[in-house]
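In what follows, a structure is listed as structure tokens, so that the remarks can point back to it.
Throughout, read-outs are computed from the coordinates displayed, never taken from laboratory work. Everything numeric here is computed off the predicted structure, so don't read it as measured data. When we count neighbours, we look across all protein chains shown, and the Cβ atoms used for this are built from the backbone with ideal geometry, even at glycine.
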């Protein structure tokens with residue numbers, strides 16, 4: 001085409017955007033390895049390989065250009081998010097099946113890159129936690145690091161000694177808190193005094209990973225990969241909601257800081273809710289989307305049956321995105337009357 | 001001259017736009033040079049918005065520089081003058097800068113090298129001329145908007161007078177990358193620009209001049225401030241560098257905080273925007289009597305050996321300008337008439353410089369960076385970039401699905417086709433082309449609808465007329481019948497009366 005202005009373009013590309021997201025995840029992965037051993041690296045590799053194979057197969061089936069879409073790294077981002085959201089001790093086929101489901105069903109059957117209504121990584125998480133609830137709840141607990149790391153290696157592969165599992169896994173702090181609070185006379189402080197699961201403010205080890213997600217997220221904002229709207233709105237809303245319950249009854253409701261540092265809050269705030277494809281695009285829409293997601297996360301965590309609410313909150317909010325986007329279109333220039 | 005500064009809050013709240021690499025150097029650092037005379041000048045009759053000019057010379061005629069060769073073609077139009085002395089060799093189709101690469105009628109002038117002017121009527125103090133006189137002389141000089149829009153300036157002046165304009169805004173933003181012709185003009189001819197602005201001010205009855213210059217042109221700002229010093233009504237304002245700052249409504253909003261209504265004109269909020277190049281041309285026309293025969297053009301791009309700003313005669317082919325700047329180092333990937341964001345891609349290097357040509361660019365492959373478009377990832381960069389607050393990704397998705405009406409509902413008509421969205425898109429989706437296509441399609445649909453409406457109206461009018469005529473005929477018929485019956489009845493009554501009389505007589 002002759003007239004295709006603008007004739008200069010920002011040297012931006014989808015692969016650059018995705019590469020920055022991957023880079024922003026690296027600090028969290030490093031902390032993960034430091035806290036829980038290198039098993040996560042195996043999960044990351046498994047997920048990445050599965051994602052690439054599935055992506056290539058689907059692109060071929062759909063008759064799309066392989067090189068253009070394989071090199072955009074979007075499948076790798078999905079894979080990494082799945083690996084980071086799944087328990088590191090989960091058997092190898094869990095992460096492989098989850099990743100395959102994410103790429104084949106949640107991404108390509110919905111129309112491929114840019115067309116998926118739901119966040120593929122979170123679809124994988126929800127499908128797997130519904131199908132294999134016990135396997136999806138085995139998280140590394142005690143921190144005698146070497147032992148845990150050894151055991152993890154053994155566990156990732158199918159013929160590892162099964163009995164090691166019980167010895168080294170425990171509930172997540174969110175789970176532990178909810179179950180602990182069911183006991184008569186239990187309070188937040190009595191439950192969270194257990195050093196096996198709890199650290200300074202939230203889950204032992206997990207709070208450091210959350211901090212690394214925060215750092216990576218700030219990098220993404222600085223790089224203009226994401227805008228401040230979704231993380232800020234999510235963090236503010238979660239703090240306000242958790243804060244209200246905590247102020248009303250601090251013996252039965254954990255502090256806002258706990259909720260921010262626990263579970264997938266930080267991963268969600270900067271990497272999941274900000275997934276451009278399935279999130280809102282208007283500035284006001286982003287604020288509403290993230291605040292509503294924070295409310296759902298809190299309700300599912302505190303009153304629901306699942307260990308964390310980020311995945312379900314994401315999918316529920318994804319449904320509302322087109323509606324929110326259309327209702328929050330920015331004022332068009334010259335139409336303010 | 002009190003200094004006007006953009007309030008930081010206003011800068012903060014107006015977050016639209018993009019920041020392309022400016023690529024203004026080396027051209028912006030070098031003096032404007034005269035381009036000289038090429039072998040042939042081709043002057044299209046439509047170098048402005050509105051009706052084409054009407055040729056008043058004949059093939060073979062010798063003309064002098066500044067001589068009228070085509071007169072105003074209508075209410076909104078502009079005359080055309082010979083850019084140098086020479087012979088008219090043809091009046092024929094020629095390539096012109098046109099988005100669809102169409103040709104247009106052009107006057108072909110072969111320069112004789114003497115560059116002989118017609119006698120010029122200079123005016124030592126043009127500021128003493130009447131408003132009417134200023135406006136008439138601007139019209140006679142063939143001046144149009146020099147920023148690229150090419151709207152006849154005189155029409156804009158009289159428009160300003162009707163709409164009670166209080167502020168004349170001088171657009172010195174030059175937000176397009178690569179271009180530095182306005183920058184150089186402001187640095188080298190600031191006095192002339194300020195004088196021109198004061199003349200326009202007088203012609204429109206406005207009371208102040210606000211000249212907005214982007215902060216990436218500090219030398220131009222300094223020169224303009226110095227030149228404006230004696231005049232309390234002229235304010236030079238530094239504005240943030242971003243694209244598209246030079247769009248008139250965006251400039252007005254940044255300078256005054258006022259948002260001109262989308263369904264009206266900028267003049268409705270009491271503002272008239274003119275480019276600095278236009279002010280310069282107005283000064284030349286009134287002070288020296290020179291009609292518009294040349295303009296400053298930035299010749300730049302990675303494929304050009306020695307980029308530079310040149311003073312170019314209208315009608316000069318692009319190839320001549322590239323030669324004048326040391327030739328092309330590498331075969332250009334793209335040649336553009338105008339700026340790289342909103343300019344027109346050309347294929348034929350014979351394409352001439354016209355009144356609105358601010359730049360002639362030969363871009364190398366690395367600068368163009370054309371790559372296959374991939375799928376939209378809904379990153380929202382385009383939403384942030386859009387200066388009018390549209391949702392380009394949603395509009396493109398609807399146009400892609402051929403739901404043009406829906407695209408219109410969410411604001412297609414307000415799109416400036418400035419290209420900020422297309423510039424920033426990481427998936428390299430040709431968003432501007434989507435919008436241009438949809439706009440064109442909707443325009444032709446509405447033309448068709450209008451045609452059908454007219455046909456319907458005419459048919460209905462005809463049917464109504466036939467019916468009315470039939471009714472009138474019937475009424476006349478009925479009236480005549482009634483009259484006839486009345487007459488018969490009267491006759492019968494008279495007969496009866498006569499018969500009765502006879503009877504009584506008998």
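Key figures
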| item | result |
| --- | --- |
| Volume in Å³ per residue [convex hull over Cα atoms, computed for chain B] | 243 Å³ |
| Fewest-first ranking of B:280, A:253, using other Cβ atoms within 10 Å as the exposure measure | A:253, B:280 |
| Distance-filtered residues of the stretch B:430-448 - backbone nitrogen under 16 Å, label point 7 angstrom along residue B:413 Cα→Cβ | B:438-448 |
| Three semi-axes of the equivalent ellipsoid, the stretch B:126-198, Cα gyration tensor, whole Å, largest first | 23, 15, 12 |
| Peptide ranges B:466-473, B:121-128, B:202-209 listed from the most packed, as the mean C-beta count within 10 angstrom indicates | B:202-209, B:121-128, B:466-473 |
| Efficiency of FRET from Cβ geometry, residue B:191 and residue A:299, R₀ 60 Å, rounded to 0.05 | 0.30 |
| Cβ-Cβ FRET estimate between residue B:233 and residue B:480, R0 fixed at 56 Å, reported to 0.05 | 0.10 |
| Scaled radius of gyration (Cα, divided by 2.2 N^0.38 Å) that the stretch A:14-56 gives | 1.31 |
| Point-to-point label distance, residue B:451-residue B:366, nm (Cα→Cβ direction, 7 Å offset) | 5.1 nm |
| P(r) of the stretch B:306-458 over all Cα-Cα pairs, binned every 10 Å from zero, in whole percent | 10, 30, 26, 22, 10, 2, 0 |
| Extent along principal axes [Cα atoms of the stretch B:326-395; Å; largest to smallest] | 43, 29, 17 |
| Zone of residue A:130's modelled label, taken as backbone nitrogen in the stretch A:301-320 under 16 Å from a point 7 Å along Cα→Cβ | A:305-319 |
| Shielding score for B:387-394, defined as the mean number of other chain Cβ atoms within 10 Å | 5 |
| Inter-chain shielding of B:415-426 (mean C-beta neighbours from other protein chains, 10 Å cut-off) | 4 |
| Antiparallel bridge percentage (DSSP; both residues within chain B; nearest 5) | 60 percent |
| Once the Cα gyration tensor of the protein assembly as shown is diagonalised, semi-axes √(5λ) in Å | 65, 44, 26 |
| Cβ neighbours within 10 Å from other chains - mean over B:358-369 | 2 |
| In degrees, nearest ten, helix B:181-204 long axis to first principal axis of chain B (Cα) | 40 degrees |
| Antiparallel DSSP beta bridges within the protein assembly as shown, as percent of all bridges there, nearest 5 | 65 percent |
| Volume per residue that the Cα convex hull of the stretch B:9-121 spans, once the total is divided by residue count, Å³ | 228 Å³ |
| Those residues of the stretch B:238-282 whose amide nitrogen sits under 13 Å from the label point placed on residue A:335, 7 Å along Cα→Cβ | B:262-263 |
| Segment residue B:215-residue B:500, length gained on full extension (0.36 nm per residue, minus Cα span) | 91.1 nm |
| Mean separation of Cα contacts under 8 Å (6+ apart) over length of the stretch B:371-506, as relative contact order % | 21 percent |
| Hull-based mean projected area of the stretch B:121-289, where the convex hull spans the alpha carbons, in square nanometres | 8.8 nm² |
| Convex hull volume of the stretch A:213-327 per residue (C-alpha atoms, cubic angstrom) | 91 Å³ |
| Peptides A:58-66, A:5-13 ordered by average Cβ neighbours within 10 Å, highest first | A:5-13, A:58-66 |
| Inter-probe distance in nm under a simple model that places probes 7 Å from Cα toward Cβ, at residue B:51 and residue A:104 | 7.0 nm |
| Using alpha-carbon coordinates, inclination of helix B:276-287 to the longest axis of chain B, degrees | 80 degrees |
| Residue exposure sequence - B:98, B:477 - by fewest surrounding Cβ within 10 Å | B:477, B:98 |
| Likely footprinting exposure, B:475, B:441, B:259, fewest C-beta neighbours within 10 Å first | B:475, B:441, B:259 |
| Cα pair count fraction exceeding 26 Å, expressed as % - the stretch B:389-506 | 60 percent |
